[in-house]
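The values are calculated or read from the model by the stated rules, or taken from the named source; none is laboratory data. Owing to the predicted nature of the structure, the values given are computational and were not obtained by experimental measurement. Glycine also receives a Cβ, built like all others from the backbone with ideal geometry; neighbour counts cover every protein chain displayed. Heads up: the accessible areas ignore ligands, DNA and RNA and are worked out on the full protein's heavy atoms, side chains in. Shrake-Rupley method; radii C 1.70, N 1.55, O 1.52, S 1.80 Å.
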Amino acid sequence: MNDTVDKLVVFLAKRDGIDKLVKTFQYVSKLSNWRIEETNPDMAKRFKNWEVSSGLSRKAFRTGRFLTGFNLLRRNPGSNLTLRLLAIPANAGEMIYFFFDHFTWLARIGTINSDLAKKASFISAFGEAVGYLFFLIADFLLIKEGIKKERKIRRSRREISKEEDEDEEQEKRDKDEVKKIRVDRVMRLMAVAANIADLIIALAEIEPNPFCNHAVTLGISGLVSAWAGWYRNWPS
């Protein structure tokens, strides 16, 4: 698939694709509101409304998303015991995040008691933070494993290259394997960037502080997460 419009259509047909687009709207509008809040209050208010609307829309799009983590635990928790153990708190935290996010959304749009929004948002953010911590550990372990595997292949290739009879088929397979490892590493680094950015946003809800709650910190973190998601979900 080489046509950009075709790729964009496929990207936006995915729930994650449209979520990353609206997330971009949400945090661009947050930064825009912060930038012109004092000089142009009327326009800043419009950007604020855009930010709030985008945030609520994303919560609606994520209806039922908590089942994804549950299904991953059922079907593919990990390739070894360590990854399977890490997958339990990682996916459980993400499930809590998405499940209680439903109540945050319903409270903020007035369907249920609005007083529940703060409590549901805190529980959701706490589960999110726990999940991201364990996802980060798993990703770092897999990146480390990939680096070791790539080095092993390269050592093997150097030893074979010293011999007269070099297997061209094996060389091609090794090159393909190295390429696959590097692509996986880039995707995992994008996941690490997104998870760290989202962890900062979650901490702003769990333990408010001047750094995490600053509009610039939240705006940049949101955009890093959104654009890392764009990269990971963009059709190849």
Residue hits (segment 196-208; more than 16 Å from Ser29 (Cβ to Cβ), open to solvent by 20 Å² or more (accessible area, probe 1.4 Å) and touching a residue at least 12 places away in the same chain (Cβ under 8 Å)) are Ile196, Leu199, Ile200, Leu203, Glu205, Ile206
I'd like to know if segment 209-216 contains one or more residues that are farther than 27 Å from Arg151 by Cα, open to solvent by 20 Å² or more (accessible area, probe 1.4 Å) and not in a loop (DSSP other than H, G, I, E, B).
yes
Going through (1) over 24 Å from Ala117 (Cα atoms); (2) open to solvent by 40 Å² or more (accessible area, probe 1.4 Å); (3) in a helix (DSSP H, G or I) one by one, Lys48 fails only at (1)
In segment 76-87, anything in contact (Cβ under 8 Å) with a residue 24 or more places away in the chain and surrounded by fewer than 16 Cβ atoms within 10 Å (Cβ to Cβ) is listed as Thr82
Subset of segment 51-78, residues in a helix (DSSP H, G or I) and charged (D, E, K, R), comes to Glu51, Arg58, Lys59, Arg74, Arg75
Here the residues within segment 12-45 that are of a type in the set (Ser, Thr, Tyr) and in a helix (DSSP H, G or I) are Thr24, Tyr27, Ser29, Ser32
